[in-house]
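Visitor: Structure in structure tokens, see below.
Derivation of every value follows stated rules applied to the coordinates shown; laboratory data play no part. Bear in mind the structure is a predicted one, so any value in this text is a computation, not a measurement. Note: ideal-geometry Cβ built from the backbone for every residue, glycine included; neighbour counts use all protein chains shown.
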Amino acid sequence: MSGWEPVVGLEMHVELDTQTKMFCSCAVTKGDEPNMHTCPVCLAHPGALPVVNQRAIEYAVRIALALNCTVQPRNIFHRKNYFYPDLPKAYQISQYDEPLAVSGWFDYWVDGEKLRCRINRVHMEEDAAKLIHAGGDTGRIAGSDYSMVDFNRGGTPLIEIVSEPDIPSPEAAREFLQQLRNLVIELGVSECNMEEGQIRWDANLSVRPEGTAELGTRTELKNMNSFRFLQQALEAEIPRQVGILEAGGTIDLETLHFDPDTGTTTPLRSKEEAHDYRYFPEPDLVPLLIDPVWVEGIRATQPELPEARVARFSSQYGLSRADALVLGSSHALAAFYEEVVECGAGAKPAANWTMGEYLAHLNAAGLEAGRGHVTAERLAKLVKLVADGTVSTSSGKDVFAKMIEERAEPEDVVNKHGLGQISDAAALEATVAEVVAANPAQAEQYREGKLQVLGFFVGQVMKSTGGRANPGLVNDLLRKALDG
Amino acid sequence: MPTLDPVRLTAREAKRLLVDGEISAAELAKVYLDQISAVEAAVRAFILVTADNAAKYSTKVDREMQATRGPLAGLPIAIKDNMVTEGVTTTCASRILSNYMPVYTATAVRQVWEDHVVMLGKTNLDEFAMGSSTENSAYQTTRNPWDLATVPGGSSGGSAAAVAAGETLWALGSDTGGSIRQPAALCGVVGMKPTYGAVSRYGLIAFASSLDQIGPLTRSVYDCALLLQHLVGQDPKDSTSVALPEPVTLPDAERLDGLRVGIPSEYLAAGIEPGVRARFDETIARLEELGGRCTEISLPHTEYALPAYYIIAPAEASANLARFDGVRYGHRCAEPVDLLDMYERTRGEGFGPEVKRRIMIGTYALSAGYYDAYYGRAQRVRTLVRRDFEQAFAGVDLIASPTTPTVAFKAGSRTADPLSMYVCDICTIPVNLAGLPAISIPCGLSDGLPVGFQLIGPAFSENRILQAAHALEGAIGFEPAPTFRDSGAGEQATEPASSGEVAS
């Protein structure tokens, strides 16, 4: 697609982990029997009225502050009108032209480069109920035999975050989203569980001739329920748009549905999308006045955010920028790493082991940081065993693997499998002598002055000791044997 | 037991009789249930009479609540059928809620229930409170006890007619553009719309959320204050409710010395019947005899209030009534072929023509491209109307006007022309737009039909209004004497049992 550059904007919805719903006191839960957590308000019985959940506002303000937004001292709720069975009032209480917070930004990293995306707005609304369509083969309401509604989710506090179209590539969009999700988790306002749809997103994309500033006509992309699908959908949409433009056509402002099976984007039927939401101010709620002093109180109790933590990891633990970024970006991995250090492991070796063996284990097992089969305490013990020479670095990796296999303490693994480092000169002298005797040609080369051949002998000793020999000692003993 | 005239008995007197042990709650309930039996076939004020419950509950009040009885214990009440009552069907006079059994009780109703009032039943109204004659009910047309050929007004026509006919001691109504005051005026009873927010709207089936307000319909201003005392209060379930700055006090004023009353020339300018005007002028003269000082004032944006109201109220209604979709409760059409068919037929069958008209007006007014021209502009007019009142109240304590331009009109005479119906509320609508309190009291008859006198006050001036209305009421000496006659020429109405027999 040379000559063209994409411009991406994202619109994200995050369900908040408040105890109760946005406008009533029903519990917010997951996995309970359908329609257990309902009341006249969230079932929209006649005469019922909404009351704003104060905690939801606090959580929303936390997100807004973390995204460097201006929290507006006065904001109002609107009714967004449309008929659908998952929307019992037939309007969603949302925000429109006077949202909670505006004009922020979010810094994120792509390949070690910091990018800034402006945030247009953060607003509050309520989630819809869950529809289950039975019969038919589309999984959608059209064509199903009947549909059921579970109102447990209906009315869950929802935050909408809208970015400006500042994201320069599909990969950057994925990074943006992952890092923004990490940020929200960090704030403790949502677990952002992807399977349960606690975080959902749509994207809009346009292309323009490289180096130009004017935005092209965008399309909106839906149905990308994993980070990978987001990237794939955007990657599929770019050539589609470029193809149209290069053929002299124009892009229609439309909504496209991403099909993960085919990897293509197709337009939704325009009828389904032809909504006039008839927004108007929600008369059942008074304007929400947000006390700036209260906001400052929330700002003062914000948890450490990834960007600040990455900087701290660099300065406090002497980590490189790249290492600090890997370890500091996600809450869970950062917490694990700091626990390893707190358990007495050196900061740098702890970082190497966490980023190396531990991350590889998580990836292989498909686990979240902190949920792996090695505790921080055990990893710290292993790091210390390597540091004090009890285990060599290379054996350490075997110890790590056995610790997982056997769910065992590192000391027990070392003892049981004899993986301790051999630092006893007497025990190594015989091996050294054997290796020298078995390789007379190389010994001759060494004696003729080719000192680098020493490495070959070290390797041979390591090989015959299963990597357990103390490398320094082996060097000394080899030099003695060869020089002598 | 003393002989009681249900048409004249006030709650104040009934309470004294109960407290003094001269009558039991069960006997009092029976007085009203008997009157319902006698006249309801002609008046048709109730959608549902809860006679068995009223008999049982009043007996329970007599038996169990001697020591702990609430301040309203044993006083029979009728509730407009747009307030939800747990376990008692609530229809809003609409087919779409014909089978609706509420799962909770409106805050205002719960408050009087907790004071041990005895509920007699649910009263008729214009469907979803949209109308000024109660002819828009899906179930029945209520008639005015003063002349059965005429309407009782609306939308709280059932409550007003029931109070006037002696079918209840008092009643609850709701007022969005005059729906308490206009029927109170037409039926010759007292009706008050409190300051917006003074009474919780939780459980009041919403018509226009920013305008709706529950209030009392009674036979005296004192009773109005007594009932209002038990309705007001900030409700954590209604974000728009507020606590009154001072409690509602029972009025005792006999003089109005120094009270400054403004008479808006715009309200007298157009369409006030001569008979109504005559009673109004007489009442103003009485007000001055009591020491009040009346001056003409101007509320310059009055002419825009009605059109603004008929944008704002339908706009809010179009969203408020969207929940009646056949999914969770209420009417659902038979055998829908798909979702859209279910929505269309359920709502097509469930709503009457006036409700549909307003939903369509409101939907249109909120549509993309029209919002600023209609809803946005109507809201700006609303601000101007509110400002008119603020400026007026800088110079006067209260504002007086006729409640309605005419006395009760013949049933069927305005149903073909919605605009002629809408102008019934020309003197009451601006008050709702401004969120102010106002009362209507009867001030005499014109052609044998009651005329209403409206007093409007600044926000939270309920006590001032009640004191003035109480003093005026004493000076006017209105006699509640509904004749239950039928002047004919309207639609046919059944002659009730002789009104002479109804007093037990």
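Visitor: Please state, rounded to one decimal and in Å, the Kirkwood hydrodynamic radius that the protein assembly as shown gives when every pair of distinct Cα atoms enters the mean of 1/r. Let's see the in-between values first.
Guide: Working: mean 1/r = 0.0300 Å⁻¹.
Roughly 33.4 Å, rounded to one decimal.
Visitor: While we're here: How large is the Rg to Rh ratio of chain A when both quantities use alpha carbon positions and Rh follows Kirkwood?
Guide: Details: Rg = 29.7 Å, Rh = 26.7 Å.
My calculation of the ratio gives 1.11.
Visitor: When ranked by the protection proxy of mean other Cβ atoms within 10 Å per residue, highest first, what sequence do the peptides B:88-98, B:216-226 form?
Guide: Working: B:88-98: 24.1, B:216-226: 27.3.
Top to bottom by mean Cβ count within 10 Å: B:216-226, B:88-98.
Visitor: Please state the equivalent ellipsoid semi-axes for chain B: what are the square roots of 5 times the Cα gyration tensor eigenvalues, largest first, in whole Å? Don't jump to the answer; show the numbers that get you there.
Guide: Values: eigenvalues 186, 171, 96 Å².
Equivalent-ellipsoid dimensions as semi-axes: 30, 29, 22 Å.
Visitor: To the nearest 20 Debye, how big is the dipole of segment B:296-443 about its Cα centre, given +1 on the beta carbon of each Lys and Arg and -1 on that of each Asp and Glu?
Guide: On the way: 15 positive and 16 negative charges, 22 e Å.
Using Cβ point charges on Lys, Arg, Asp and Glu, segment B:296-443 gives about 100 debye.
Visitor: Segment B:302-382: Rg/Rh from Cα coordinates, Kirkwood Rh? Before the final figure, lay out the partial values.
Guide: Values: Rg = 14.9 Å, Rh = 13.7 Å.
For segment B:302-382, the value is 1.09.
Visitor: Run the dipole for chain B about the Cα centre, Lys and Arg Cβ at +1, Asp and Glu Cβ at -1, nothing else charged, and hand back the magnitude in debye, nearest 20. Spell out each step's value before the answer.
Guide: Details: 43 positive and 58 negative charges, 160 e Å.
That gives a dipole near 760 debye.
Visitor: Normalized C-alpha radius of gyration of segment B:144-203, against 2.2 N^0.38 Å? List each step's numbers first, then the result.
Guide: Working: Rg = 11.4 Å, N = 60, 2.2 N^0.38 = 10.4 Å.
This ratio for segment B:144-203 stands at 1.10.
Visitor: Could I ask something else about it? How large is the Rg to Rh ratio of segment A:304-417 when both quantities use alpha carbon positions and Rh follows Kirkwood? Each step should come with its number before you reach the end.
Guide: Values: Rg = 13.6 Å, Rh = 14.0 Å.
Expressed as Rg/Rh, it is 0.97.
Visitor: To continue, here is another question. Calculate, for A:R447 and A:A387, the FRET efficiency according to 1/(1 + (r/R0)^6) with r their C-beta to C-beta distance and R0 30 Å; round to the nearest 0.05.
Guide: On the way: r = 36 Å, r/R0 = 1.19.
Once the sixth-power term is evaluated, E becomes 0.25.
Visitor: Each label point is 7 Å from the Cα along the Cα-to-Cβ direction; what then is the distance between the points at A:A437 and A:N35, in nm?
Guide: 8.7 nm
Visitor: Please rank A:K30, B:K410, fewest neighbouring Cβ atoms within 10 Å first, as an exposure proxy.
Guide: A:K30, B:K410
Visitor: Near the amide H of B:G121, under 5 Å away, which other amide H atoms are found, from residues 5 or more places off or on another chain, if H is placed in the peptide plane?
Guide: Here B:T50, B:I79 satisfy the definition.
Visitor: Calculate the mean, over all residues of peptide A:35-48, of how many other protein chain Cβ atoms lie within 10 angstrom of the residue's Cβ. Each step should come with its number before you reach the end.
Guide: Details: counts 0, 0, 0, 1, 2, 7, 3, 0, 5, 7, 11, 22, 17, 11.
Taking the mean over all residues of the peptide, I get 6.
Visitor: May I ask you to list the lysines whose Cα is less than 23 Å away from that of A:K384, ignoring any residue fewer than eight positions away on the same chain?
Guide: A:K384 reaches A:K348, A:K397, A:K402, A:K416.
Visitor: Calculate the FRET efficiency for B:E303 and B:K356 from the Cβ-Cβ distance with a Förster distance of 30 Å, rounded to the nearest 0.05.
Guide: 0.60
Visitor: Just checking the output field for B:100-108: average partner chain Cβ neighbours within 10 Å of each residue's Cβ?
Guide: On the way: counts 2, 0, 5, 5, 6, 1, 3, 2, 0.
Mean partner shielding for this stretch: 3.
Visitor: Additional query: When the label point is put 7 Å from the Cα of A:Y277 along its Cα-to-beta-carbon vector, which residues of segment A:36-78 have a backbone N closer than 12 Å?
Guide: Answer for segment A:36-78: A:78.
Visitor: Sequence neighbours fewer than 8 away in the same chain don't count; with that in mind, list the lysines whose C-alpha is under 27 Å from A:K450.
Guide: Excluding near neighbours in sequence, the set is A:K463, A:K480.
Visitor: Another question, then. Taking other Cβ within 10 Å of each residue's Cβ, how do A:M462, A:M36, A:M22 sort, fewest first? Could you put the intermediate results ahead of the total?
Guide: Details: A:M462 18, A:M36 12, A:M22 28.
In increasing order of surrounding Cβ atoms, one gets A:M36, A:M462, A:M22.
Visitor: So, one more: Cα centroid distance between segment A:399-456 and segment A:154-231, in Å?
Guide: 52 Å
Visitor: Run the simple label-point estimate for B:E22 and A:E164 please: 7 Å along Cα→C-beta, distance reported in nm.
Guide: Going from the B:E22 label point to the A:E164 one covers 7.9 nm.
Visitor: Quick one: longest stretch of chain B between exposed loop GluC sites (Glu not before Pro), exposed meaning at most 16 other C-beta atoms within 10 Å and loop per DSSP? Working shown, then result.
Guide: On the way: sites that count: B:E22, B:E86, B:E254, B:E491.
Value returned for the longest uninterrupted segment is B:255-490.
Visitor: Here's another thing I want to ask about it. Taking each residue in B:203-216, count the Cβ atoms of any other chain within 10 Å of its Cβ, then average. What number comes out?
Guide: Values: counts 6, 3, 4, 6, 0, 1, 6, 4, 1, 1, 0, 0, 0, 0.
Counting Cβ atoms of other protein chains within 10 Å of each residue's Cβ and averaging gives 2.
Visitor: Something else now. How large is the charge dipole for segment A:4-298, taken about the Cα centre, if only the Cβ atoms of Lys, Arg (+1) and Asp, Glu (-1) carry charge, to the nearest 20 debye?
Guide: On the way: 26 positive and 46 negative charges, 118 e Å.
Charge dipole of segment A:4-298: 560 debye, to the nearest 20.
Visitor: Follow-up question, since we're still on this one. State log₁₀ I(q)/I(0) for segment A:49-146 at q = 0.10, 0.13, 0.14, 0.24 Å⁻¹ as given by the Debye formula over alpha-carbon point scatterers of equal weight, solvent excluded.
Guide: Relative scattering, expressed as log10 I(q)/I(0), comes to -0.45, -0.66, -0.72, -1.18.
Visitor: Sticking with this one: Can you compute the label reach from B:A55? Point 7 Å from Cα along the Cβ direction, backbone N cut-off under 17 Å, restricted to segment B:105-123.
Guide: Residues B:118-121 fall inside that zone.
Visitor: Something else: Based on the Cβ-Cβ distance from B:D5 to B:D372, what FRET efficiency comes out when R0 is 60 Å, to the nearest 0.05?
Guide: Details: r = 57 Å, r/R0 = 0.94.
Taking R0 as 60 Å, the efficiency between B:D5 and B:D372 is 0.60.
Visitor: Counting only pairs 8 or more residues apart or on different chains, how many lysine pairs in segment A:4-298 have their Cα atoms under 21 Å apart?
Guide: Lysine pairs meeting the criterion: 12.
Visitor: What do the square roots of 5 times the Cα gyration tensor eigenvalues come to for segment A:425-483, in whole Å, largest first, as semi-axes of the equivalent ellipsoid? Please report the intermediate quantities before stating the final value.
Guide: On the way: eigenvalues 62, 22, 22 Å².
Values for segment A:425-483, descending: 18, 11, 10 Å.
Visitor: For the protein assembly as shown, what does the helix formula give at 222 nm: sum of -39500 (n - 2.57) over DSSP H segments with n ≥ 4, over the residue count, nearest 500 deg cm²/dmol? Walk me through the numbers on the way to the answer.
Guide: Details: 34 runs with 377 residues, N = 988.
Rounded to the nearest 500, it is -11500 deg cm²/dmol.
Visitor: Most exposed first by the Cβ proxy, i.e. fewest other Cβ within 10 Å, how do B:R69, B:R387, A:R74 rank?
Guide: Details: B:R69 17, B:R387 14, A:R74 9.
The most exposed by this proxy come first: A:R74, B:R387, B:R69.
Visitor: Through the Karplus equation 6.51 cos²θ - 1.76 cosθ + 1.60, θ set to phi - 60°, convert the phi angles of segment B:200-206 into ³J(HN,Hα) values in whole Hz; use x for Gly and Pro.
Guide: 4, 8, 4, x, 8, 5, 5
Visitor: Of the lysine pairs in chain B, how many meet both conditions: Cα atoms under 15 Å apart, and a spacing of 8 or more in sequence or different chains?
Guide: The result is 4.
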